[in-house]
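The values are calculated or read from the model by the stated rules, or taken from the named source; none is laboratory data. In this text the structure is predicted, and so the values were computed from the model without any measurement. Glycine gets a Cβ as well: all are built from the backbone with ideal geometry, and neighbour counts include every protein chain shown. Each accessible area value is taken on the protein alone, full model and side chains, heavy atoms only, with ligands, DNA and RNA left out. Shrake-Rupley method; radii C 1.70, N 1.55, O 1.52, S 1.80 Å.
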Amino acid sequence: MAGPLAGFRIVDLSSVLMGPSATQALGDMGADVIKVEPPTGDTTRRVGPGRSDSMGSNFLNMNRSKRSVALDLKHPRSREVLARLIANADVLIHNIRPQAAQRLGLSYADVAAINARIVYCALTGFGSGGPYSGQPAYDDLIQGPAALPALCALCGDVPRYVPTPIADRIAGLNAVIAVTGALLHRERTGEGQAVEVPMFESVAHVVLADHMYGRTFDPPIGEAGYNRVLSRTRHPYQTADGWLCVLIYNDRQWQSFFRLVEREDLAADPRYATMRTRNQHIDELYGFVARTLLARTTALWTELQAADIPAGRMNTLDSLMDDPAPGGSRLFREGGASDRGGDQHHALADHLVPEPATAAPSGAQSGGARRRGTARERFQRRRDRVVRGRGRTRLRARRSRGGCVMRREPGRIIAGMPATPASPTKPETPVTATARAGKRVTGGAPAAAAERGGSVNATVYVALKELITSNQLRPGVKLIHQELAERLAVSRTPVREALERLFQEGFVTRLPRRGFYVAEIDEDEARELYELREALEIYALRRSMARGIKPADLRRLDAFNHAYKALVRESTTRERMLVDRDWHLALAALADNRALLRSLEAVFERLILKIRIDGYRTVRGEEALREHLGMMKVLRAEDKSEAERMLAEHIQGARRRLVGHLAELSG
């Protein structure tokens with residue numbers, strides 16, 4: 001099941017705890033999070049025990065649901081790679097101090113110049129414009145100014161930090177709220193914006209919401225500090241054989257407790273009759289509870305629960321890990337390989353969204369261990385990642401000049417992309433699609449590549465891809481660098497680089513010491529492609545319906561259907577496939593999801609490569625047209641429940657259509 005943020009890409013430049021905790025939560029909700037680290041890695045990689053130096057326990061529990069790339073931002077080439085990542089991102093999150101961000105060209109003005117729609121989230125120690133702005137900040141340095149150690153002292157202890165990095169966690173949650181709110185604003189208005197999440201102000205807000213107390217008013221009507229929470233007797237209660245946590249809160253619960261311990265006289269005492277009077281005598285009241293429970297065993301827990309009085313055990317860290325409650329509520333799950341040794345580890349599961357069809361990766365991977373399973377299970381995981389906008393395969397590491405590490409995946413290069421990154425494909429008009437359907441490349445760079453512009457390498461890549469998908473270079477043909485260079489009127493270097501990229505995308509294969517060959521797609525891969533197209537199609541339908549369809553959009557889709565109908569009996573399979581692709585891309589464009597557009601285009605390119613002959617007979621073309629019209633009916637339905645019913649029928653028919661596809665291909 002895709003999360004609510006599926007299709008959104010987040011570039012994460014943060015490190016340590018605050019930012020990674022925020023981006024982990026966003027990744028758990030389905031966002032595609034790309035963690036950018038320095039070549040030495042995030043410092044938390046070496047915090048806590050681990051079976052390798054780069055995969056410590058704290059890092060694993062703060063960086064699941066992410067992919068990673070290493071960039072040295074002091075190097076110009078790495079900054080160019082980062083700029084290309086930003087150009088295709090929805091959110092940028094960093095915890096770099098403002099002065100350093102300015103030097104690196106990462107201020108909001110710099111980033112907005114690259115991508116005006118981006119949500120720019122700066123995590124800082126102290127709010128900009130204040131007296132502490134720009135100062136370094138760590139959790140302890142925030143807890144002190146926010147009065148947390150002083151609160152511990154008021155409870156009878158020495159000033160003490162809360163023994164967990166609570167400031168980082170609070171600010172991280174605030175960042176999640178700020179980013180999702182900014183994304184909602186952008187969905188409604190189309191405008192990106194900058195948001196700032198300062199640690200000090202975030203923690204101070206939490207503290208003062210409880211403890212302003214009498215100083216809430218002007219002039220004050222009392223002192224600051226919530227006396228019940230600050231009571232020195234507020235702590236777990238010792239029993240005759242252990243410890244027990246009890247919170248008797250409202251009037252009914254106190255009356256029940258007094259009856260349970262056979263002190264009905266206190267139930268009638270006016271000092272304990274209401275919450276206001278109880279708070280005025282909270283120390284003596286909690287002292288009475290402590291003395292009472294000390295004479296009882298921990299088995300009193302069950303009696304308190306039976307009387308509907310909140311009570312629970314006090315765990316240690318070890319007993320928390322063994323407590324049956326976390327296991328029953330799926331707090332823990334088995335994580336992926338924690339290092340190259342392949343050992344398993346326990347990971348904290350997310351509870352922000354319903355359990356996904358496949359578990360998100362438990363830590364940012366850097367070319368490490370692969371997940372196991374049957375071929376069918378591996379494909380299903382890959383398909384689900386595409387529907388969530390996360391690419392088709394695991395990332396692979398490739399080192400490049402200039403101090404940056406590149407991560408690649410079929411169909412998309414995450415870092416080290418061509419000089420002019422491809423923008424989302426805009427669906428063509430039926431006339432353009434029909435005119436282009438039979439076009440062939442006869443030599444030199446094709447017109448489509450020339451129109452795109454960009455570097456020579458990008459143009460050669462487009463030209464070679466067109467030669468392969470148009471069957472001018474048939475499956476199994478050996479690709480000789482010199483012949484291709486002469487055919488395209490370029491040097492051998494861009495040809496070699498284009499073949500490397502096509503190899504990454506699966507359009508060509510490489511045999512050791514024998515060179516490159518045009519790839520063939522077997523029946524199993526065709527099955528996967530058709531199922532993947534079905535999944536993307538259903539996702540596009542749901543998202544388009546949720547956004548609302550305008551009459552002009554429906555007229556545009558109808559125009560594609562008329563063009564397709566005219567081709568059913570008179571054209572080749574490839575001509576129909578091109579119009580079919582353009583219809584699906586137009587549908588995906590309505591969903592306003594760049595990742596969906598890229599994924600659908602890549603799937604259709606592979607399908608066009610597979611269909612080398614007229615394997616689609618006329619009956620297949622007519623069936624495809626009926627599917628188009630059925631989806632049009634879904635989009636036109638004003639009754640959403642009826643639309644959901646029709647969409648369910650469409651999903652149920654996916655298997656039958658797949659069998660038909662494969663029968664056509666086999667024939």
Inset, instruction - Answer yes or no as to whether residue 199 is within 19 Å of residue 148 (Cα to Cα) and open to solvent by less than 50 Å² (accessible area, probe 1.4 Å). - result: yes
Inset, instruction - Starting from the stretch 189-202, take each residue that is without any contact (Cβ under 8 Å) to a residue 12 or more places away in the chain and closer than 11 Å to residue 125 by Cβ and list its partners that are among the hydroxyl-bearing types (Ser, Thr, Tyr) and open to solvent by less than 30 Å² (accessible area, probe 1.4 Å), counting only C-beta distances under 9 angstrom and pairs at least six apart or across chains. - result: none
Inset, instruction - Determine whether the stretch 143-166 contains at least one residue that is in contact (Cβ under 8 Å) with a residue 24 or more places away in the chain, under 27 Å from residue 194 (Cβ atoms) and within 25 Å of the chain's Cα centre (by Cα). - result: yes
Legend entry - Pick from the stretch 33-53, criterion at pLDDT below 95 and touching a helix residue (DSSP H, G or I) at 6+ places or on another chain (Cβ under 7 Å), ranking: surrounded by the most Cβ atoms within 10 Å (Cβ to Cβ): 42
Legend entry - Set 175, 194, 182, 204: member being within 24 Å of residue 97 (Cβ to Cβ) and outside any helix (DSSP H, G or I): 194
Inset, instruction - Inspect all residues belonging to the stretch 121-129 and state whether any of them is over 30 Å from residue 234 (Cα atoms), free of Cβ contacts under 8 Å to residues at least 12 places away in the same chain and small (Gly, Ala, Ser). - result: yes
Inset, instruction - Considering each residue of the stretch 132-169, count those that are in a helix (DSSP H, G or I), surrounded by fewer than 21 Cβ atoms within 10 Å (Cβ to Cβ) and among the β-branched types (Val, Ile, Thr), and give that number. - result: 1
Legend entry - Of all residues making up the stretch 42-59, the number that are over 30 Å from residue 4 (Cβ atoms) and either aliphatic (A, V, I, L, M) or touching a residue at least 40 places away in the same chain (Cβ under 8 Å) (or both): 5
Legend entry - Breaking point among (1) open to solvent by less than 70 Å² (accessible area, probe 1.4 Å); (2) within 26 Å of residue 502 (Cβ to Cβ); (3) at pLDDT below 75, for residue 612: (1)
Inset, instruction - Starting from the stretch 69-90, take each residue that is at pLDDT below 95 and assigned to a loop (DSSP other than H, G, I, E, B) and list its partners that are open to solvent by 30 Å² or more (accessible area, probe 1.4 Å) and of a type in the set (Gly, Ala, Ser), counting only C-beta distances under 7 angstrom and pairs at least six apart or across chains. - result: 72/403; 75/403
Inset, instruction - Of the conditions (1) buried (at least 17 other Cβ atoms within 10 Å of the Cβ); (2) under 30 Å from residue 125 (Cβ atoms), residue 212 clears all except one; give me its number. - result: (1)
Legend entry - Criterion: in contact (Cβ under 8 Å) with a residue 24 or more places away in the chain, in contact with a Lys or Arg (Cβ under 8 Å, 6 or more places away or on another chain), hydrophobic (A, V, I, L, M, F, W, C) and within 26 Å of residue 156 (Cα to Cα) - qualifying residue of 295, 224, 240: 240
Inset, instruction - Report yes if residue 665 is assigned to a helix (DSSP H, G or I) and modelled with pLDDT of 75 or more, otherwise no. - result: no
